[in-house]
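For reference, the structure discussed in these notes is given below.
The values are calculated or read from the model by the stated rules, or taken from the named source; none is laboratory data. If you're wondering where the values come from, they're calculated on a predicted model, not measured in any experiment. No Cβ is skipped: glycine too gets one built from the backbone with ideal geometry, and neighbour counts run over all protein chains shown. Areas reflect the complete protein model, heavy atoms only, side chains present, ligands, DNA and RNA absent. Shrake-Rupley method; radii C 1.70, N 1.55, O 1.52, S 1.80 Å.
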Amino acid sequence: MRRARCTTSCLQFLTSTGRHHGAGRLEESRVLLALNFAGDVVDVVSQPLKISFETCGKRRSHTPDYLAVTRRGVWLIDVRPEPLIKESDRESFTAAAEVAVACGWGYAVAARWREHAFAGLDAMASRRWLRSDPLGLRPVLLSEAGGGRRFGELAAATGCEAVARAQLLHLLWSRKLGVDLAGPLQDRSLVMPAGEARR
């Protein structure tokens, strides 16, 4: 196994593992942020193994970027922006996918993001460390969200909209409230209690 390609300046802390994980590129940081948000991640290992394989008579090797252990299974993950994927990368990804199948793991290549989804995730992550609630807005927001309300309406209902928006983002990040990230996170996004969002 080779060493990670980054220094301490590109470490990202995951609350699910309680550790910092290496990210050599912005794309890898995005994957780590998404894994951090995922509620069922148990562990993440950076550059977990080196795969040796033969293609067109040549001996090659490939090191996937992450191994994510979740409560629903294990995923081997490669990270490469779609415009940068070459034919040799496709061969490496195929070899990694075969190893994953042999081990009973899932396999994914993180190559492209829906920008609105990452923008929403990034907004929630910006409030993940919000510890205090001096105005006592969280219980109000949780109560008002019952049955589902629009993000903007929910924030305005507190009478302290700017602070309520920050608290809403924190509640979404901590999965006490849920929102559909298939569309952009905006004032008309439907927010609901986490239990209702999972149904």
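Just to be sure before I move on: is residue 145 free of Cβ contacts under 8 Å to residues at least 24 places away in the same chain and in contact with a helix residue (DSSP H, G or I) (Cβ under 9 Å, 6 or more places away or on another chain) in the structure I sent? Considered against the rule, which asks whether it is free of Cβ contacts under 8 Å to residues at least 24 places away in the same chain and in contact with a helix residue (DSSP H, G or I) (Cβ under 9 Å, 6 or more places away or on another chain), residue 145 comes out as no.
Looking across segment 146-159 at every residue that is in a helix (DSSP H, G or I) and surrounded by fewer than 18 Cβ atoms within 10 Å (Cβ to Cβ), the one that is farthest from the chain's Cα centre (by Cα) is identified as 156. Yes or no: residue 82 at pLDDT below 95, among the acidic types (Asp, Glu) and in contact with a Cys (Cβ under 9 Å, 6 or more places away or on another chain)? Considered against the rule, which asks whether it is at pLDDT below 95, among the acidic types (Asp, Glu) and in contact with a Cys (Cβ under 9 Å, 6 or more places away or on another chain), residue 82 comes out as no.
The conditions of being closer than 29 Å to residue 28 by Cβ, at pLDDT below 90, part of a loop (DSSP other than H, G, I, E, B) and open to solvent by 40 Å² or more (accessible area, probe 1.4 Å) are met by residue 131. In segment 20-77, the residue that is least open to solvent (accessible area, probe 1.4 Å) out of those that are in contact (Cβ under 8 Å) with a residue 24 or more places away in the chain and of a type in the set (Lys, Arg) is 30.
When you go through (1) open to solvent by less than 40 Å² (accessible area, probe 1.4 Å); (2) assigned to a helix (DSSP H, G or I); (3) not hydrophobic (A, V, I, L, M, F, W, C) one by one for residue 143, which number turns out not to apply? Against the list (1) open to solvent by less than 40 Å² (accessible area, probe 1.4 Å); (2) assigned to a helix (DSSP H, G or I); (3) not hydrophobic (A, V, I, L, M, F, W, C), residue 143 comes up short only on (1).
Restricting 111, 162, 123 to those that are open to solvent by less than 60 Å² (accessible area, probe 1.4 Å) and either free of Cβ contacts under 8 Å to residues at least 40 places away in the same chain or among the β-branched types (Val, Ile, Thr) (or both) reduces the list to 111. Residues in segment 84-97 that are more than 23 Å from residue 35 (Cβ to Cβ), open to solvent by 70 Å² or more (accessible area, probe 1.4 Å) and assigned to a helix (DSSP H, G or I): 87, 90, 94.
Against the numbered list (1) touching a Gly at 6+ places or on another chain (Cβ under 8 Å); (2) open to solvent by less than 40 Å² (accessible area, probe 1.4 Å), residue 105 comes up short only at (2). Residues of segment 52-62 include at least one that is touching a strand residue (DSSP E or B) at 6+ places or on another chain (Cβ under 8 Å), of a type in the set (Gly, Ala, Ser) and either assigned to a helix (DSSP H, G or I) or at pLDDT 85 or above (or both).
Of all residues in segment 175-192, exactly one satisfies the criterion of being open to solvent by 30 Å² or more (accessible area, probe 1.4 Å), in contact with a helix residue (DSSP H, G or I) (Cβ under 7 Å, 6 or more places away or on another chain) and not in a loop (DSSP other than H, G, I, E, B), namely 179.
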